[in-house]
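What follows is a short report on a single structure.
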Amino acid sequence: MALVVFLKGINVGGHKLVRGPVSQSRLRAEIERRLSVETEVIICESRALFRAVSLSRFGVPNRADVVRFVSVMSHQPRRPPPTPFALPRRGRWFVRVLAREGRFLFGVYRREMPTIRYLAAMDKLLGAPIATRNWNTVVAIREVLEAGS
């Protein structure tokens, strides 16, 4: 079973595959040891990623001013807010979470500077550290995993 690693706030570009069996705790410890900065290491099994991204959960047309995203939570929150929800809760939205599948959140955000603040606020709202990636990145991860299996 392959493991997928997301580093919160770090975009490493490209892809690297861990070949051979390794536990999540050992992999996390090795990644943290090699990093020169402190960050949240979020690991999920490839089959969970496949299951979560197998169906489109967006239900909104693709637009140039809006980015589709997937956020991966470090763990299941005890009391996740019901979906869908928008941030801010009132007024013009910058982030919309449309659906949740286990530890994965699916949504859209506006290509505007205030969006960063609302994406950062989602950790506190959900009660779990999250790593957010563009939908295109998640599709590319899935393709790499499919090619490697």
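The values are calculated or read from the model by the stated rules, or taken from the named source; none is laboratory data. For clarity, every value in this text was computed on a predicted model and none was experimentally measured. Note that each Cβ is placed from the backbone with ideal geometry, even for glycine, and that neighbours are counted across all protein chains shown. Accessible surface is based on the protein model in full, side chains and every heavy atom, while ligands, DNA and RNA are left aside. Shrake-Rupley method; radii C 1.70, N 1.55, O 1.52, S 1.80 Å.
All Cα-Cα distances of segment 81-149, cut into 5 Å bins from zero to the largest, leave 3, 14, 25, 25, 15, 9, 6, 3, 1, 0 percent in each bin in turn. Could you compute the longest span of the chain free of GluC sites (Glu not before Pro) located in DSSP loops and having at most 14 other Cβ atoms within 10 Å, not counting the site residues? The reported range is 39-111. Phi-derived couplings, Karplus 6.51 cos²θ - 1.76 cosθ + 1.60 at θ = phi - 60°, listed residue by residue for segment 80-86: x, x, x, 9, x, 8, 10 Hz, with x used for Gly and Pro. Computed from Cα positions, the angle between helix 135-148 and the longest principal axis of the chain comes to roughly 20 degrees.
Taking the Cβ of Val53 as the center, what net charge do the other residues with Cβ under 14 Å away carry, scoring Lys and Arg +1 and Asp and Glu -1? Residues near Val53 contribute +4 overall.
Model label points for Ile10 and Asn62, set 7 angstrom from Cα along the Cα-to-Cβ axis, are 3.0 nm apart.
Over all directions, how big on average is the projection of the convex hull of the alpha-carbon atoms in the chain, in square nanometres?
Over all viewing directions, the chain projects a mean Cα-hull area of 9.5 nm².
Label separation (Glu38 vs His75): 1.9 nm, computed from points 7 Å beyond Cα along the C-beta direction. For Trp93 and Arg133, a Förster radius of 25 Å and the Cβ-Cβ distance give a FRET efficiency of 0.80, rounded to the nearest 0.05.
Of the peptides 113-124, 128-139, how do they stack up when ordered by the mean number of other Cβ atoms within 10 Å, highest first? Write out the running numbers ahead of the final one.
Working: 113-124: 14.2, 128-139: 17.9.
Ranking the peptides 113-124, 128-139 by packing returns 128-139, 113-124.
With the cut-off at under 16 Å, measuring from each backbone N in segment 124-149 to a point 7 Å along the Cα-to-Cβ line of Leu17 picks out 140-149.
At a 1.4 Å probe radius, carbon and sulfur cover how many percent of the accessible area of the chain? Whole-percent figure for carbon plus sulfur exposure: 51. Between 0 and 90 degrees, the angle of helix 114-126 with respect to the longest Cα principal axis of the chain falls at about 70 degrees. Distant-in-sequence amide contacts of Glu40, defined by a placed amide H-H separation under 5 Å and a gap of 5 or more residues or a different chain, comprise Lys8. When the trypsin sites (Lys or Arg not before Pro) in segment 53-107 are filtered for DSSP coil states and for at most 14 other beta-carbon atoms within 10 Å of their beta-carbon, the remaining sites are Arg63, Arg78, Arg89, Arg90, Arg92. Output the 0 to 90 degree angle, nearest 10, between the alpha-carbon long axis of helix 24-34 and the longest principal axis computed from the alpha carbons of the chain. So the helix axis and the longest Cα principal axis differ by about 90 degrees.
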